[in-house]
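Worksheet: the structure to be examined is printed underneath.
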Amino acid sequence: MLVGKEDFVKAISEAISKAKERKFVETVEMAVNLKNVDMRKPENRIDTILLLPHGLGKPRKVGVFARGETMIKAKSANADIVLSPEDIDQLSKDKRKARKIANEIDFFVAEAPLMAEIGRKLGAILGPRGKIPQPIPPLSDPKPIIDRLRNSVRIRTRDKMTFHVPIGIRTMKIDAMAENALEVIKVVENKYENPHLILKSVFVKTTMGPAVRVI
């Protein structure tokens, strides 16, 4: 392991102690800086959805594109928004509303047969935000994937050498956030052949607080 749990416990504790109390519950996030890797090559980029062992202290918002029975199941699973083929068409004509929904929802799921239409009509809005839906088979129960995504984060470098990812909220137990952070580091370890040559530095901070170096 490139970073130990105690390293994160110490840094997260320091970051929280240095951050002023706010009128809202701040997110605790980590910044990971990489080196010695050519991000111009797509195969070197990280783009994955990671299930955090302790979640984020608050559920992520999940939207579902579906028809018929799957729509009913999605509503029963308490999806934050359920969109029909008619909604897809309407959103393609109302870009402002489409952008608002894309910004508010963390993850999308869609019945596989709807993916082409979503890509054609909403891809320009969802794609740059990393919100292209995860496909599920027609008539399948979306509840398992909705439940998983509620406790997940997306790690996406694009062509940058730095990525940021939330690991919890200020009121969570520090041990839990440290264990979430270790899972993020594992993504780097599993992605690259020599991760010790790739990982440059790691920082943690609250939303509006100062950054504290972990390594």
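Tabulated results
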| item | result |
| --- | --- |
| Single residue of the stretch 112-135 satisfying the filter (among the hydrophobic types (A, V, I, L, M, F, W, C) and touching a residue at least 40 places away in the same chain (Cβ under 8 Å)) that is nearest to Arg96 (Cα to Cα) | Ile118 |
| Checklist (1) in contact with a strand residue (DSSP E or B) (Cβ under 8 Å, 6 or more places away or on another chain); (2) among the hydroxyl-bearing types (Ser, Thr, Tyr); (3) part of a helix (DSSP H, G or I) applied to Ser13, failing item | (1) |
| Complete set of residues in the stretch 135-146 that are part of a loop (DSSP other than H, G, I, E, B) and touching a Lys or Arg at 6+ places or on another chain (Cβ under 9 Å) | Pro138, Leu139, Ser140, Asp141, Pro142 |
| Within the stretch 171-215, considering residues that are touching a strand residue (DSSP E or B) at 6+ places or on another chain (Cβ under 8 Å) and of a type in the set (D, E, K, R), the one surrounded by the most Cβ atoms within 10 Å (Cβ to Cβ) | Lys205 |
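Quick grid of which residues meet (1) buried (at least 16 other Cβ atoms within 10 Å of the Cβ); (2) more than 30 Å from Phe203 (Cα to Cα):
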{"residue": "Glu69", "(1), (2)": "no, yes"}
{"residue": "Asn78", "(1), (2)": "no, yes"}
{"residue": "Ser92", "(1), (2)": "yes, yes"}
{"residue": "Glu104", "(1), (2)": "no, no"}
{"residue": "Gly127", "(1), (2)": "no, no"}
{"residue": "Leu139", "(1), (2)": "no, yes"}
{"residue": "Arg154", "(1), (2)": "yes, no"}
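Bear in mind these aren't lab numbers, they're just calculated from the coordinates by the rules spelled out. This is a predicted model, so every value here is computed, not measured. Every residue, glycine among them, receives a Cβ derived from its backbone with ideal geometry; neighbour counts consider all protein chains shown.
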